[in-house]
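Q: Here's a structure for you.
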């Protein structure tokens, strides 16, 4: 298999592609540019830099990897990959079907000071890989009976967090669902 050929099949950043599977693991390649979100996994994660320079920020240290260098991030270690010196091509190894964003679940108080219910203060968010995926999530949900809320999908100013591409809808049980993509 030629990794150069596989990298030539896509241009999106932070959207890993599976190029091989073995013994319950997936070999993924990804183009990286800018900073990713802080996250942790419940499994070890291997990063191998194929091209470029990748910084891995951890709460207690920073590791800088050049071409041909690798690091294994131990399970539970909060980390943030950063490609701030241009695009990086990387190979990652993770257990099959594991998310590349780690596991995040948050509950907050409703912003309108009303009681929390499935329809108020409880938003289920799905991180999307592109603005197009935010719109697709919304459109597929609405086509299958969900109700669009809070305006059409699109970019919104999120203050200090920058511009986010968002879509909101209520599923058939009334749960508020959000598709979100934040530019790196």
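Let's see how each residue does on (1) in contact with a helix residue (DSSP H, G or I) (Cβ under 9 Å, 6 or more places away or on another chain); (2) at pLDDT 90 or above; (3) surrounded by 13 or more Cβ atoms within 10 Å (Cβ to Cβ):
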| site | (1), (2), (3) |
| --- | --- |
| 4 | no, yes, no |
| 9 | no, yes, no |
| 16 | no, no, yes |
| 20 | no, yes, yes |
| 24 | no, no, no |
| 27 | no, yes, yes |
| 32 | no, yes, yes |
| 39 | no, no, yes |
| 42 | no, no, no |
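Q: Here is a further query. Would you confirm whether any residue within region 135-158 is outside the structural domain of residue 76 (by TED's automatic domain parsing), under 15 Å from the mean Cα position of the chain (by Cα), modelled with pLDDT of 85 or more and within 23 Å of residue 39 (Cβ to Cβ)?
A: Among the residues of region 135-158, at least one is outside the structural domain of residue 76 (by TED's automatic domain parsing), under 15 Å from the mean Cα position of the chain (by Cα), modelled with pLDDT of 85 or more and within 23 Å of residue 39 (Cβ to Cβ), which makes the answer yes.
Q: Right, residue 85: in a loop (DSSP other than H, G, I, E, B) and farther than 17 Å from residue 16 by Cα or not?
A: Judged against the criteria, residue 85 is not a match.
Q: Please identify the pairs in which a residue from region 83-102 that is on the phi > 0 side of the Ramachandran plot has its Cβ atom under 7 Å from the Cβ atom of a residue that is at pLDDT 90 or above and surrounded by 12 or more Cβ atoms within 10 Å (Cβ to Cβ), counting only partners at least 6 apart or on another chain.
A: 86/52
Q: Now, a different point. Within region 58-76, how many residues turn out to be over 17 Å from residue 28 (Cα atoms) and surrounded by fewer than 16 Cβ atoms within 10 Å (Cβ to Cβ)?
A: Total satisfying the criteria: 10.
The values are calculated or read from the model by the stated rules, or taken from the named source; none is laboratory data. Fair warning: this is a prediction, and the values are worked out from it, not measured in the lab. Methodologically, a virtual Cβ is constructed for each residue, glycine included, from the backbone with ideal geometry; neighbour enumeration extends over all protein chains shown.
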